[in-house]
Amino acid sequence: MSLNFENLIHNLKEGDSQAYKVLFDTFYESLYAFAFHYVKDHYAAEEIVVNIMLTIWEKRRTLDPNKNIKSYLYTSVKNASFDYLKKRNKTTSLNLETKDLTFTNFEQRIIKEETHRLILQALESLPKKCRQVFEMCCIENLKYKEVAETLNISINTVKSQRARAIEILKMQLKEEHLFLFILNNITIKN
Amino acid sequence: MQEQTSYHISNLIYKSVTETISKLEQQELNRWLSQGNNQEFYNQILSKKELLNTKEIYKAAKKQTVFNKVKKKIDQKNHENIIRLKLYKTLKYAAIVILFISGSVIFYNSNFNEEVSTQEALEHIKPGYQKATLVLADGTEIDLESKSDTIIASDKITTIQNTNNGLVYNSVDSNYPEENPKYNTLFVPNGGIYQIQLPDGTKVWLNSASSLKYPEKFTGDTRIVELDGEAYFEVTKSKKQFIVQTNKCSVAVLGTHFNVSSYEDESSFTSTLVEGKIKLANALEKQTVILSPNEHATFKQNAPNFQIKSVDTEVYTAWKDGKFYFEQERLEQILTKMGRWYNVQINFEDPELKNETFTGVAYKNEPIDYLLNLICKTTKVKYKITKDSESNFYEVSISNS
């Protein structure tokens, strides 16, 4: 996907649905996971993120290239999730036990979601064989031999598929770099 | 830890996992890992359990299904706005289009029109930009849009240069024997705007659907140009009078800044003076009037006199700086201007609505619905966009809300 900074912003501001879809595809799942962590409810998480994505569309003309779109998105999801919890806790009992206390810190939470988003989206982009090998080597930290046995392929194939995966990801990173730069730089005024 | 850093750290972790990290970046990541419980946190988020868990959540998120829902909602909202609009293909000479419009309104209002969503309309209806056609004395037509920064014509008397900002005329040899001047005509179509510098240094901004005829070199005792449409003049001071002729009135000046609007399809002529002094005369020279700065004169073809009032000149000259500026202006005039700029046709379902007034400012590079929505918020009208399926023309239709 070749994108350039000016075009994406310009197109989004002009109401280009393609630019909007790119934004949605890139962030919907991680924002959903982020919301789900707080609200622990699939419907509520979906509603929260959908509303924020709709706001982005409605306010597209006020997108400010000098601010961070990710920051806007994650902060909005957090605030909306908290609002949702406040409302719900009024009607049910105050139940803080449901909160996962593993990552209480907002910044750590973002690091987790963003890292997972990058890794999972990168895996998604790899050819199937490559992906399997890479997932086992780099994410499950299995040894070459274990991967070879599990997938019933030679150790050399494992090595070459792994190298190929890294090559593909490096290539993407050049584009992703630009892409991240773009997304880092779009945000909403007010 | 600053929030901004979180995104950066995520990128570093991703790169380290995929072994695409540089040495410097690895050092940076190591520094971060050595702080607090970051190493523990790092191991945790990269654990198979956590990653698989997130993967499951992503699956449950049903991205594609939800995107379709979002798209539907957006389309519905656009529909609620009820808009009608008709976009005319750019015709070469706007003046010709203007003549067609009055007749074609009736035709295009027939059942051919299909209502279109705002989004579709916005994809096709774009604000205007710098485009124009120059017709030389010998009839040669030059499309200025495609010839940026070139000398497009040159002879012993004048060179004509097309720069990014417009057209510049330079007299080569002022002592060259005077002969009958050659006339050039600059046509700016709907959706266009163009700047030109005449051989005497006078700057002219030519608005959409306008044309200006002028000599390649000013000879004789006066400097005469002919205008149809709207233009803003910054006339270079000279002993020779500068005269703008329109089919309704003429403006005579020595050196000033002023705006003239005299479209053939409108019954009135208006002129606004920013600085200096100008003399206006109607076509038969029966009426003359002298304007002072910040004065605005209107001459209606069926009225005997010029009407003069004091104004904020910004209202009448904002167009040259890329703005729409309306102050208690009638919707009929506002939409006529918008039609010229966005190249769409306008239709008032109830003629009474033409007299509604609106005050507001908008940048001309905004999409068409920006100004339309602004107007609908403050007046009692709503709008619809329709498209003629055969001709692909768009029309904005204004009705009671």
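Would it be correct to say that B:K387 is modelled with pLDDT under 85, open to solvent by 10 Å² or more (accessible area, probe 1.4 Å) and away from chain A (no Cβ under 14 Å)? Criteria met by B:K387.
To keep it simple, each residue is scored yes or no on (1) closer than 21 Å to A:K86 by Cα; (2) more than 11 Å from every other protein chain (Cβ to nearest Cβ); (3) in a helix (DSSP H, G or I).
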| site | (1), (2), (3) |
| --- | --- |
| A:F34 | yes, no, yes |
| A:Y38 | yes, yes, yes |
| A:E46 | yes, no, yes |
| A:V49 | yes, no, yes |
| A:M53 | no, no, yes |
| A:I56 | no, no, yes |
| A:S71 | no, no, yes |
| A:T75 | yes, no, yes |
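Within region A:9-32, the set of residues being at the interface with chain B (Cβ under 7 Å from one of its Cβ atoms) and within 15 Å of A:K78 (Cβ to Cβ) comprises just one member, A:Y32.
Taken together, A:D41, A:D16, A:D83, A:D64 contain a single residue that is surrounded by fewer than 22 Cβ atoms within 10 Å (Cβ to Cβ), closer than 23 Å to B:H8 by Cα and charged (D, E, K, R), which is A:D64.
Report, by residue number, each residue of region B:355-373 that is within 10 Å of the chain's Cα centre (by Cα) and away from every other protein chain (no Cβ under 13 Å). Correct list: B:K364 only.
Each row is one residue, and each column tells you yes or no for (1) more than 30 Å from B:E349 (Cβ to Cβ); (2) within 12 Å of chain A (Cβ to nearest Cβ); (3) modelled with pLDDT of 90 or more.
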{"residue": "B:E3", "(1), (2), (3)": "yes, yes, no"}
{"residue": "B:S10", "(1), (2), (3)": "yes, yes, yes"}
{"residue": "B:I13", "(1), (2), (3)": "yes, yes, yes"}
{"residue": "B:S34", "(1), (2), (3)": "yes, no, yes"}
{"residue": "B:Q39", "(1), (2), (3)": "yes, no, yes"}
{"residue": "B:I45", "(1), (2), (3)": "yes, yes, yes"}
{"residue": "B:K69", "(1), (2), (3)": "yes, yes, no"}
{"residue": "B:L85", "(1), (2), (3)": "no, no, no"}
{"residue": "B:A95", "(1), (2), (3)": "no, no, no"}
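Restricting attention to region B:325-343, the residues that are open to solvent by 10 Å² or more (accessible area, probe 1.4 Å), in contact with a Leu (Cβ under 9 Å, 6 or more places away or on another chain) and on the phi < 0 side of the Ramachandran plot total 1. The set of residues from region A:119-152 being more than 21 Å from the chain's Cα centre (by Cα), open to solvent by 50 Å² or more (accessible area, probe 1.4 Å) and touching a residue at least 12 places away in the same chain (Cβ under 8 Å) comprises A:K129, A:Y144, A:T150.
State the number of residues belonging to region B:260-280 that are open to solvent by less than 80 Å² (accessible area, probe 1.4 Å) and closer than 16 Å to B:F233 by Cβ.
So the answer is 12.
Of the residues making up region A:19-38, those that are of a type outside the set (D, E), without any contact (Cβ under 8 Å) to a residue 60 or more places away in the chain and open to solvent by 10 Å² or more (accessible area, probe 1.4 Å) are A:K21, A:V22, A:F36. Exactly one residue among B:K62, B:K55 is within 21 Å of A:Y28 (Cα to Cα), within 7 Å of chain A (Cβ to nearest Cβ) and surrounded by 14 or more Cβ atoms within 10 Å (Cβ to Cβ), and that residue is B:K55.
The values are calculated or read from the model by the stated rules, or taken from the named source; none is laboratory data. What you see is a predicted model; the values in this text were computed from it and never measured. Cβ coordinates were reconstructed from backbone atoms using ideal geometry, including for glycine residues, and neighbour counts include every protein chain displayed. Only protein heavy atoms, including side chains, enter the accessible area calculation; ligands, DNA and RNA are left aside. Shrake-Rupley method; radii C 1.70, N 1.55, O 1.52, S 1.80 Å.
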